[in-house]
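Since every read-out is calculated from the coordinates, none of them should be taken as a lab result. Remember, it's a predicted structure, so these values are computed and weren't measured experimentally. Don't worry about glycine lacking a Cβ; one is built from the backbone with ideal geometry, like all the others, and counts go over all protein chains shown.
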2 protein chains.
Amino acid sequence: MKKDYNISLSLRINIGNDTVLASGKVELLIKIKEMGSLRKAAEEMKMSYRKAWFSIHKINNLASETVVVLKRGGKNGGVATITDYGNSIISQYISLRKDVDIFISKNSSKYDFNK
Amino acid sequence: MKKDYNISLSLRINIGNDTVLASGKVELLIKIKEMGSLRKAAEEMKMSYRKAWFSIHKINNLASETVVVLKRGGKNGGVATITDYGNSIISQYISLRKDVDIFISKNSSKYDFNK
DNA sequence: AGCCGTTATTCATTTAAAGGAATAACGAAG
DNA sequence: CTTCGTTATTCCTTTAAATGAATAACGGCT
């Protein structure tokens, strides 16, 4: 019986054994950039604020430089900002991801895991 | 501060949302092939027999054809055998994995996640 | 029939991850 | 000095995953 298999490549940027960036985190960062708010970004992704906060905390601690600056209080209650470094690694990740996708589409046709 | 980041691509062969093959399962299958025994393969991988058994059960159920034939009783107490189809997808996975590794080494140098 | 080493399966326990609720802290603006 | 919406953090509960122990089932061999 033929089955509809598919090949997936997941891309991770690690430091040691810890993941700084993978698809989920990148998505979260982009949402933060769009909304300027961690809470709203989390909401948009149907993720608890708590989880999102831990996620950002981890990224900031691991990476070479700060990726997201969080400020509380003030005009809109607080604000979340992506740093220049943050924007840099986001676009690098996206660019590399595109290359990966091209690689998959070029190579996967050579294989047939049904036989 | 410069950190020693690394880029990892994990390769998965899925059917729908379920993973038939990924690096850990392939390693287990190879050990089974070497030893002819699920128990010994699990032991070698420092994995509980229980977990290994579930793993194989899942692979066999998901894949197009049987990948591992398990028999109990008999000369050596029992035996685990990789089918022709099993050997085929193992070598396909390894071959594709090699291509992926080459791709990584060619592309990762273009990126610097420290800046 | 009994032995042996493996496969097959259940049950209870432990450990880890995820989630939710609640509340404090903050600072601009009115 | 109060309000407002967000960030920050704790505590408890729930859910899921991993582990371990124990035991049955099997079949060639002596």
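Annotations
- Sorted shortest first, the separations between the A:Ser95 label point and its copies elsewhere in the assembly read 3.4 nm; each point sits 7 Å from Cα along the Cα-to-Cβ line.
- Note on the protein assembly as shown: Cα-Cα pairs beyond 32 Å make up 37% of the total pair count.
- Cα centre as origin, Lys/Arg/Asp/Glu Cβ charges: chain A dipole, Debye: 340
- Using alpha-carbon coordinates, inclination of helix B:84-107 to the longest axis of chain B, degrees: 10
- Nm distances between copies for A:Met45, ranked from closest, using label points 7 Å along Cα→Cβ: 3.0
- Exposure proxy shown here: for B:Lys3, A:Lys25, A:Lys2, the number of other Cβ atoms within 10 Å sets the order, fewest to most, as A:Lys2, B:Lys3, A:Lys25.
- Straight-line reach from B:Lys75: taking Cα to Cα under 20 Å and skipping same-chain neighbours fewer than 8 places apart, the aspartates and glutamates in range are B:Glu34.
- Normalised alpha carbon radius of gyration of chain A [divisor 2.2 N^0.38 Å]: 1.31
- Along the axis of the charge dipole computed for chain B (Cβ charges of +1 for Lys and Arg, -1 for Asp and Glu, origin at the Cα centre), the listed residues B:Gly36, B:Thr83, B:Met1 are led at the positive end by B:Met1.
- For the protein assembly as shown, the 222 nm mean residue ellipticity estimated from helices alone, with every DSSP H stretch of n ≥ 4 adding -39500 (n - 2.57) and the total spread over all residues, rounds to -16500 deg cm²/dmol.
- Taking Cα atoms only, the orientation of helix B:49-62 departs from the longest principal axis of chain B by about 80 degrees.
- Count of Lys pairs (Cα-Cα under 30 Å; at least 8 positions apart or interchain) in segment B:1-72: 22
- Inter-copy spacing of A:Glu34 label points, which lie 7 Å from Cα along Cα→Cβ, given in nm from shortest upward: 4.7
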